[in-house]
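Colleague: Pasting in a structure now, in structure tokens, and then I'll have a few things to ask.
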Amino acid sequence: MAETTQAARLELLGQLFRYAVTGGLASFVNIAIYWVVATPLRVDANLAMFFGYVAAVLVGYVVHSRWSFRGHGRRDSLARTGGRFVLVSLVSFALNSLWVWLFVRHLGGPTWWPIPPVLIVTPLLVFWLNRRWVFQ
């Protein structure tokens, strides 16, 4: 029993590590596309951020399903897992927007106040949702 629990913990830690690396990659894709589209191409910054977000969701889904959560759950329906992944990424986007609104707009704090929950709370919640609901 203890060996099973230890193996489950190691699997979870491995998934969490791979999830963090993949999240970093998806964030890089998002920011790179945003910058290229907004700056040299001179497209509206909000539209550029949307393009970056869409690309990051696509990259995130492919890499999370094949690497972060490999061997975890089933992959019998792209519509099911892909649709759920998109919903969870929208939850992530909304939650990060909430942190910005709450700490900067509502409480009048500096722009760095939302960064800790954006880097800690949101990723942990999204990891849990991906593990328990998307890639179950």
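Colleague: For the pair SER77 and PHE17, how long in nm is the line joining their label points, each one 7 Å along Cα→Cβ?
Modeller: Label at SER77, label at PHE17, 3.4 nm between them.
Colleague: Can you find, among VAL54, SER27, LEU98, the residue farthest towards the positive end of the dipole of the range 2-134? Put +1 on the C-beta of Lys and Arg, -1 on that of Asp and Glu.
Modeller: Projecting each Cα onto the dipole axis, the largest value belongs to VAL54.
Colleague: Calculated from DSSP H runs of 4 or more alone, at -39500 (n - 2.57) each and per residue, what is the 222 nm mean residue ellipticity of the chain, nearest 500?
Modeller: Roughly -23500 deg cm²/dmol at 222 nm, from the helical runs in the chain.
Colleague: Using the crude model of +1 on Lys and Arg Cβ and -1 on Asp and Glu Cβ, and no other charge, please compute the dipole size for the range 2-134 relative to its Cα centre, in debye to 20.
Modeller: Value, rounded to 20: 280 debye.
Colleague: Let me check against my output: what whole-number percent is the relative contact order of the range 2-134, with C-alpha pairs under 8 Å and at least 6 apart?
Modeller: Result for the range 2-134 is 22 percent.
Colleague: What is the magnitude of the charge dipole of the range 1-70 about its Cα centre, with +1 placed on the Cβ of each Lys and Arg, -1 on the Cβ of each Asp and Glu, and no other charges, expressed in debye to the nearest 20?
Modeller: 100 debye
Colleague: Continuing with this model, one more query. Relative to the longest principal Cα axis of the chain, at what angle does helix 78-100 sit, 0 to 90 degrees, rounded to 10?
Modeller: With both axes taken from Cα atoms, the answer is about 50 degrees.
Colleague: Would you kindly state how much longer the chain becomes between ALA94 and GLN136 on full extension, computed as 0.36 nm times their sequence separation minus their alpha carbon distance, in nm to one decimal?
Modeller: Between ALA94 and GLN136, full extension yields an extra 12.8 nm.
Bear in mind that the values in this text are calculations on the coordinates, not laboratory data. Because the structure is predicted, anything quoted here is derived from the model rather than measured. Glycine gets a Cβ as well: all are built from the backbone with ideal geometry, and neighbour counts include every protein chain shown.
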